Amino acid sequence: MSEAPAGKPAQGRVVARPRVGFLGVGWIGRHRLEAILEAGAVEVAAIADPSVEMAAEAGRLAPGAALVGTLDDLLDSGVDGVAIASPSALHAEQAIRALAWGAAVFCQKPLGRTADEAQAVVDAARAADRLLCIDLSYRFTEGMRQIRELLAAGELGRVHAVDLVFHNAYGPDKPWFYDPALAGGGCVMDLGVHLVDLALWALDFPQVNEAAGKLFAGGEPLAGRSDTVEDYAVATLELATGAVVRLACSWRLQAGCDAVISASFYGTEGGAALKNLGGSFYDFTAERYRGTARETLASPPDAWGGRAAADWARRLAAGERFDPAAQRLVDVARVLDRIYGR
């Protein structure tokens, strides 16, 4: 692929946009497809989904895309990148196959069910020298962007406490989410991954010295059960900086609203927090605290949901190859393993 940006003249010729295939086009997959189409950096060339109806619906969004049956068919169609939105148990194997074939990968979280699976994918991306990104979408909210800038500039002083919450009044509607072998875990794998990532990413990935969690299913301690996954979890991380991170996440919590989502950072010179508004999954405000005073950093509207996908597409079009920052995905996966006691 030419090093010139897609669609720009390179020595008197127009460079074709990279061709991208979509593997899995349920609600999330279609939403990310729309975001990539709106970015305009790549061509959606092929779509694969076990559901003929879902594939056809996605095809209406990208009428020029071929509807194919499998990942092999996507790869054989000559794509430069693959967006993966399949069940979690398939992510690592499918990503490795795509990378080994020579395609860049944008994958839904989790990258793998364990840190070993995630490491195998990152190793494959490094060996193939291909761009690998994960849909850690909350990084792309305007509020978290501004909070991270405050932290990087030392505006909050020495951060000593971080509290994160993601309670979802609903639960996944597909049976595989509740199978430990297929999902790798429950609400921690589904929601807690965002919380761990936000904490480490915002603080520039400090070393995690200790990590421990308590898991519950149906109001009772999970206690090593292998027939189900957790629907409520609390965890504590101790960082090498001396800071303590506390997180809680759940499915079907009776919280009086659709969702409770927040990420709060407290330092010696102030605090800052991202919080959802009115139980919304999509609307967030970010505030900075100085003692009892507060100021607004960001507020709705903020169309953040597809920004991670669009960012990957633009980077692919710009000719980016393996990004060593992908190793941080394994750091997050290792923390999840420790929360699960693995």
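Readers should treat all values here as calculations from the given coordinates under stated rules, not as data from a laboratory. Note that the structure is a prediction, hence the values are computed from the model and not measured. No Cβ is skipped: glycine too gets one built from the backbone with ideal geometry, and neighbour counts run over all protein chains shown.
Taking Thr236, Thr268, Thr141 as the candidate residues, the one with maximal mean-square fluctuation in a Gaussian network model of the chain, Cα springs under 10 Å, is Thr268. Treating only the Cα positions of the chain as identical point scatterers, give the base-10 log of I(q)/I(0) from the Debye formula at each q in 0.10, 0.14 Å⁻¹. For the chain, the Cα-only Debye profile gives -0.61, -1.18.
Could you give the length gained by full extension between Arg294 and Asn209, i.e. 0.36 nm per residue of separation minus their alpha carbon distance, to one decimal place? Provide the component values of the computation, followed by the final result.
Values: separation 85, 0.36 × 85 = 30.60 nm, distance 3.22 nm.
Stretched fully, the Arg294-Asn209 segment lengthens by 27.4 nm.
Taking only the C-alpha atoms of the stretch 142-303, the Rg (one decimal) and the largest Cα-Cα distance, Dmax (whole number), read 16.4, 48 Å.
Cβ-Cβ distance of Glu320 and Cys257, R₀ of 41 Å, FRET efficiency by 1/(1 + (r/R0)^6): the value works out to about 0.55.
Tell me the net charge near Arg30. Cut-off is 15 Å between Cβ atoms, Arg30 excluded, with +1 for each Lys or Arg and -1 for each Asp or Glu.
-4
Between Ala100 and Arg158, what's the calculated FRET efficiency when r is the beta-carbon distance and R0 is 51 Å? Round to 0.05.
On the way: r = 44 Å, r/R0 = 0.87.
The pair Ala100/Arg158 has a calculated efficiency of 0.70.
Electrostatic tally near Glu43: other residues with Cβ closer than 14 Å to its Cβ, Lys and Arg +1, Asp and Glu -1, net +1. Packing around the peptides 30-36, 269-275, taken as the average count of other Cβ atoms within 10 Å per residue, puts them in this order, highest first: 30-36, 269-275.
Output the antiparallel fraction of DSSP beta bridges having both residues in the chain, as a percent to the nearest 5.
On the way: 45 of 72 bridges.
Approximately 60 percent, going by the DSSP bridge assignments.
A cut-off under 13 angstrom between Cβ atoms defines the neighbours of Asp231, and their net charge, with Lys, Arg +1 and Asp, Glu -1, is 0. Length gained on full extension, Glu220 to Asp179: 13.0 nm, using 0.36 nm per residue less the C-alpha separation. Label separation (Ser51 vs Gln327): 4.0 nm, computed from points 7 Å beyond Cα along the C-beta direction.
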